[in-house]
Structure formats: structure tokens, C-alpha cells
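Notes follow the structure.
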Protein chains: 2
Amino acid sequence: MGPLPRTLELFYDVLSPYSWLCFEVLCRYQKIWNVKLQLQPTLIAGIMKDSGNKPPALLPRKGQYLKSELSLLKHHFQVPIKFPKDFFSVIIDKGSLSAMRFLTAVNMETPEMLEKVSRELWMRVWSRDEDISEPQSILAAAEKAGLSAEQAQGLLGMISTAEVKKRLMEVTEVACKYGAFGLPVTVAHVDGQTHMLFGSDRMELLAYLLGEKWMGPVPPALNARL
Amino acid sequence: MGPLPRTLELFYDVLSPYSWLCFEVLCRYQKIWNVKLQLQPTLIAGIMKDSGNKPPALLPRKGQYLKSELSLLKHHFQVPIKFPKDFFSVIIDKGSLSAMRFLTAVNMETPEMLEKVSRELWMRVWSRDEDISEPQSILAAAEKAGLSAEQAQGLLGMISTAEVKKRLMEVTEVACKYGAFGLPVTVAHVDGQTHMLFGSDRMELLAYLLGEKWMGPVPPALNARL
């Protein structure tokens, strides 16, 4: 009998740049560590409401810090993050409800595309400072990820259905039950135990819990392939 | 000419368990990385007030998370952290004003003892759940760190002087000017640039900025010596 399969659930929202860092690291490591990665599109606004937490950037000094820190982390993680010019309009006003409903539909209908579509939405909002709230923005990301125009339209049509709305709400509630007060949240199921880890900076601790080797945010095997 | 000396300033308060993690990591790495480590005793209550931030544990779900996370990090970092039984009384009510004034006096009079006295205060409040607000508690930590009873008494006498009070306030203001909204804050002076890093989880990013190797919270060289 081989080693027991370990499962990692990643609860994320494309509005969260730290979710993007965590997502890329877990996508890079899933084969190296031989873990099953379950991507869980979640609504960060729902987590904030349920936990009573507030987006960190609302505190001016934290906002300044996030900006300067992300400009360092982008190099270290090799993820092309760029702060949107009008942060408050993008993150607070526009939000991610349609985008996360769309990813929920992708996850229900064509889960093998979820990684790519998620990444294209991040590329829009957190790299090229492009909208992700309008239907045509979401369609553009989906097609860039490799979905046909027809598939993308079909999925977009699903975001107003009760089924998709309910599913996104349920996943968000599951994250809250694990104790989420923000995103990303990684839930590791290892040796019959469940560990909830908050943030993109707990991947080394995750490796420790898995008994695997941490080789930094860009593991050498991947570096060689780049 | 040898390489330029790099300086790291660590702004910390013994009330902060993440400051302890950061402190131990930097103490372990200072020789490995050949950096000059300047320990800067700071008042976390002053940082919170000035930045408008609040202690994370005041949000119930964050408080629960911190507790469970620290119980994992203590093994990973090999730092014997134990959550105090009455967290609110210890952290919010009693605070660290006398302890941080005492460390300020130690830093002014006998800086070579600052590391050891800081560690003994953390051992009291964050490992053995002992008081650090009463004079006899502070004296006990100081003597355990290797100061004579006479020295410890002399330093304790200094904590009510204007000079010590002013110095702690000034260091706290410096941390705020660097953008602190919590502790620990590590300020790296590298190649004429200054980087402010928040938290104990930015040590790998720090290594990256220094062009040094990150070998986890317990570097092997040290592991061999333990």
C-alpha cells in the first residue's frame, strides 16, 4: 500500500493578492509533495461579514505596508502582482461577487479548468489592473484560459442560478466553520488531523506538517522548467 | 575591503509572541548571515494607539486561530510558547510598560545583556504563564538572565526616570515612522536601501533581500549545536 493521500483545500478569492501567492505556491508544490489540491472558490466579503473582520488595507498604515510588501513579494514569489491604481474602487466598491460565482460554476461544470480561469482573473485584477466585475471581463478571462466562447457564455449564464449562488455561499460557510477571518485559508487533512492555516506565509509550516521539504516559493524543480 | 556590514533593527515587545519567534530566528541567523542585529525594545501599546490598529486577538476568531497556530509554530520554530491561561488579563490589562522600560534601561546601561533579559521575560509571560508587571517578576527575570541582584535593582530604579521613559517613547515613534502597525517589525538596511518587514513570517523574504540562504526557523548549523 502506498502512502495515504493527503488533501489540501485552498479557500480563495481572486480579490485577495495573498490568495494568489498561496494559490501559485500550492499549484507548484502539489506534484512535488504528492498532495491532492482542492481549489475552493470562496467569497471574501462573506468571510469578513461573518467573522466581523475588516479588509486590512482599510487601516491606512496597513494599506501602505501591503503595497510596499507586495512589490517585494512579487519578485520573491515570481507572481506578477501590481497594485491597482484605484484600490478602493476595485476591491471595496466593485468586489468579486460575479467573478467568484463564475469560478463556482466552472468548478461545478468543468473543474479541470478552474486553475487556469482563476489565474486569468488574477492576471486581470491584480496584474494588469483590469476590471473583473463586468460580464465581458469575465468572458475575456475565461477565453484566455482556454474555454470556448460558447462554454464561457454558458457558464456565465449559470451565475444567476440559485444553484451556483447557494454553492458559493456554502463553500464560504465551510471556510467560516474552519475558523476563517480572511483569505487565503489552507485546510490540510493529514493523518486524520485537520489543520487550518491562514495566509500565504504558512506554506513552510504546511510543509512541516506534511513532513515534506520546503524549498521556497519557487521550488528548484520548477525553476529549472521555467 | 570586506562586504559592507548590513544592519537589522528588530522592534519588539515581550507581550508579542510573534516578536519572540522573530527574535529567536534573528538571534540564530545573525552570525550565519553576518548581519549586525540591533534589538529595539518598543511599546506595542504605543504602536497600536498611533496606528489605530487593534490587537488581533480582540477579534474572537483571530484569537482562536492565534492560539491553535502558535501551538504548531512552537514546534516548528523550537520556541517553547504556551498561551497564558488568562490572555486578556495578561496582555490587555497588565500590559508590558514596566517590562519594556526595564529592557530600555538594560539597553542603555548594559546592552550586551539585552538579548538574555528579553528572553527571560518571554519565558515568564509566554512560556511559564508568569507575571512580568510586578517589580519582583522583572528582577527575577533579570537575575535568571545573569545580572547580579544589585545590577537588577539599579536598572529597576531607572524605569521611573524621565530618560528611560523618553527613550522608550522615542524608539516607539521611530517604529511608527517606519510604518509599524504592530510588532515585530524588522527594518533591514541593505545596500543603501531600507526595507520594513512586519511579522515573524517575513524572515525568508528578509533572506531574499539580503541575498542570503533561508534554512528554516532552525538553521541546521544551530540544529547540530543543540
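Here are some conditions: (1) under 25 Å from B:Pro217 (Cβ atoms); (2) open to solvent by 50 Å² or more (accessible area, probe 1.4 Å); (3) of a type in the set (Asp, Glu); (4) free of Cβ contacts under 8 Å to residues at least 40 places away in the same chain. B:Glu120 meets all but one. Which one does it not meet? Failed condition: (2). Of the numbered criteria (1) in contact with an Asp or Glu (Cβ under 7 Å, 6 or more places away or on another chain); (2) within 14 Å of another protein chain (Cβ to nearest Cβ), the one A:Ala145 fails is (2).
Residue count for region A:9-29 under the criterion of being within 14 Å of another protein chain (Cβ to nearest Cβ) and either open to solvent by 20 Å² or more (accessible area, probe 1.4 Å) or in a helix (DSSP H, G or I) (or both): the result is 4. For region B:171-180, give me each residue that is surrounded by 20 or more Cβ atoms within 10 Å (Cβ to Cβ) and within 12 Å of chain A (Cβ to nearest Cβ). Across region B:171-180, the qualifying residues are B:Ala175, B:Ala180.
When A:Glu212 is tested against (1) within 21 Å of A:Glu24 (Cα to Cα); (2) touching a residue at least 24 places away in the same chain (Cβ under 8 Å); (3) open to solvent by less than 60 Å² (accessible area, probe 1.4 Å); (4) within 14 Å of another protein chain (Cβ to nearest Cβ), only condition (3) is not met. Here B:Gly2 meets the list (1) touching a helix residue (DSSP H, G or I) at 6+ places or on another chain (Cβ under 9 Å); (2) modelled with pLDDT under 95; (3) surrounded by fewer than 17 Cβ atoms within 10 Å (Cβ to Cβ) almost entirely, failing just condition (1). One residue stands out among those in region B:30-59 that are under 15 Å from the mean Cα position of the chain (by Cα) and open to solvent by less than 10 Å² (accessible area, probe 1.4 Å): the one that is nearest to B:Gly182 (Cα to Cα), which is B:Ile47. Testing A:Leu168 on (1) open to solvent by 10 Å² or more (accessible area, probe 1.4 Å); (2) closer than 18 Å to A:Met100 by Cα, one condition comes back false. Which one is that? Here A:Leu168 meets the rest and fails (1). Condition check: under 19 Å from the mean Cα position of the chain (by Cα), within 16 Å of A:Val35 (Cβ to Cβ), open to solvent by less than 10 Å² (accessible area, probe 1.4 Å) and free of Cβ contacts under 8 Å to residues at least 60 places away in the same chain. Does A:Leu197 satisfy that? Criteria met by A:Leu197. In this structure, B:Lys54 does satisfy being in contact with a helix residue (DSSP H, G or I) (Cβ under 9 Å, 6 or more places away or on another chain), more than 19 Å from B:Phe102 (Cα to Cα) and assigned to a loop (DSSP other than H, G, I, E, B). Restricting the first member to region B:137-158 and to residues that are within 18 Å of B:Asn107 (Cβ to Cβ), and the second to residues that are surrounded by fewer than 18 Cβ atoms within 10 Å (Cβ to Cβ) and among the acidic types (Asp, Glu), the beta-carbon pairs closer than 6 Å and six or more apart or on different chains are B:Ala152/B:Glu143.
Considering B:Leu206, B:Leu183, the condition of being within 14 Å of another protein chain (Cβ to nearest Cβ) and open to solvent by 10 Å² or more (accessible area, probe 1.4 Å) is satisfied by B:Leu183 alone. For region B:123-165, taking the residues that are surrounded by 15 or more Cβ atoms within 10 Å (Cβ to Cβ) and of a type in the set (Lys, Arg), the one that is farthest from B:Trp20 (Cα to Cα) is identified as B:Lys165. When restricted to residues that are within 14 Å of another protein chain (Cβ to nearest Cβ), open to solvent by 30 Å² or more (accessible area, probe 1.4 Å) and not in a helix (DSSP H, G or I), region B:60-94 contains 1.
Taken over region A:66-96, the residue count meeting the criterion of being polar (S, T, N, Q) and without any contact (Cβ under 8 Å) to a residue 40 or more places away in the chain is 3.
The values are calculated or read from the model by the stated rules, or taken from the named source; none is laboratory data. Here the structure is a predicted model, which means the values were calculated and not measured. Every residue, glycine as well, gets a Cβ built from its backbone with ideal geometry; the counts of neighbours run over all protein chains shown. We work out accessible area using only protein heavy atoms, side chains counted, and drop any ligands, DNA or RNA first. Shrake-Rupley method; radii C 1.70, N 1.55, O 1.52, S 1.80 Å.
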